[in-house]
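A short worksheet on the structure shown next.
The values are calculated or read from the model by the stated rules, or taken from the named source; none is laboratory data. Values in this document were obtained by computation on a predicted structure and should not be read as measured data. Virtual Cβ from ideal backbone geometry, glycine too; neighbours counted across all protein chains shown. The area values use the complete protein model at the heavy-atom level, side chains included, leaving out ligands, DNA and RNA. Shrake-Rupley method; radii C 1.70, N 1.55, O 1.52, S 1.80 Å.
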Amino acid sequence: MRAFIAIDMPTLVLRQLTAAQRQLSQQLRVQQLDRCVRWTPAGNLHLTLRFLGEIDDVQQRTLAQSLAQIAARHARLTLFARGVGCFPNARRPSVIWCGLQGDLAALSRLQAEVEVAAQSAGLPAEVKPFTPHLTIGRLQRSATSAQLQAVGAAAHVAAMPGRLEEATPTVDELLLMRSELTPSGSIYTRLGVFTLQAA
């Protein structure tokens, strides 16, 4: 099965992300570019800590045991969405993302332990450095070079909505997820939920 390890975003952060999607979509519609982007549904917005690829049942059980131990060692995280950008760059974007602010040092320590767990389950080491972000949209493959540049320019100057209320958004679960690719988009299923419970 195709799987990954992630954390879901608190409701407040989801509001920030969907507000950013709406704002950018409206800007692109004015330029007749809104059809160049496939926006991530709110239910699929998450922070990937480690994409695993294909794993078997033995690896799933091994990872579940490791993630339970990791979650027990880590406390809840406070995270806010911050900034909009593009991968690989604004001149020829393939992904539009939002960054994060908050307990980033603790998040990096959590992700490092997740990486060790993935390698202990027999998966190859991740070669790309961890860059915490949430994918809010993907560019259509049919988009022309000029359209890509225009979307990238719009994303580059997009403003991330600020903190929408005074509540503190906390992340308290580590997730092992299954990903099924379908013509209408990815379907995600929780294989394991592990509560961050350190004091």
ask   = Dipole of the chain, Cα-centred, from +1 at each Lys and Arg C-beta and -1 at each Asp and Glu C-beta, to the nearest 20 debye?
value = 660 debye
request  = Taking GluC sites (Glu not before Pro) as candidate sites, keep only those in a DSSP loop with at most 14 other Cβ atoms within 10 Å, then name the longest stretch of the chain containing none of them.
outcome  = 1-164
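Of ARG141, ARG92, which has the most accessible area with a 1.4 Å probe, and how do the rest follow in descending order?
ARG141, ARG92
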Over region 1-125, relative contact order from alpha-carbon pairs under 8 Å, at least 6 apart, % = 28 percent
ask   = Roughly what angle does helix 57-73 make with the longest principal axis of the chain, taking Cα atoms, 0 to 90 degrees, to the nearest 10?
value = 90 degrees
request  = Give me the angle, in degrees from 0 to 90, between the Cα long axis of helix 145-156 and the longest principal axis of the Cα atoms of the chain, rounded to the nearest 10.
outcome  = 70 degrees
message = Relative contact order for region 59-199: what percent, with Cα pairs under 8 Å and sequence separation of 6 or more?
response = 36 percent
query = If you roll a 1.4 Å probe over the heavy atoms of the protein chains, what accessible area per residue do you get for the chain, in Å²?
reply = 53 Å²
ask   = Tilt of helix 11-30 relative to the longest C-alpha principal axis of the chain, in degrees (0 to 90, nearest 10)?
value = 30 degrees
note = Taking only C-alpha positions in region 1-109, Rg and Dmax in angstrom work out to 16.8, 51
request  = Could you give the size of the charge dipole of region 1-44 about its Cα centre, using +1 on the Cβ of each K and R and -1 on the Cβ of each D and E, expressed in debye and rounded to the nearest 20?
outcome  = 140 debye
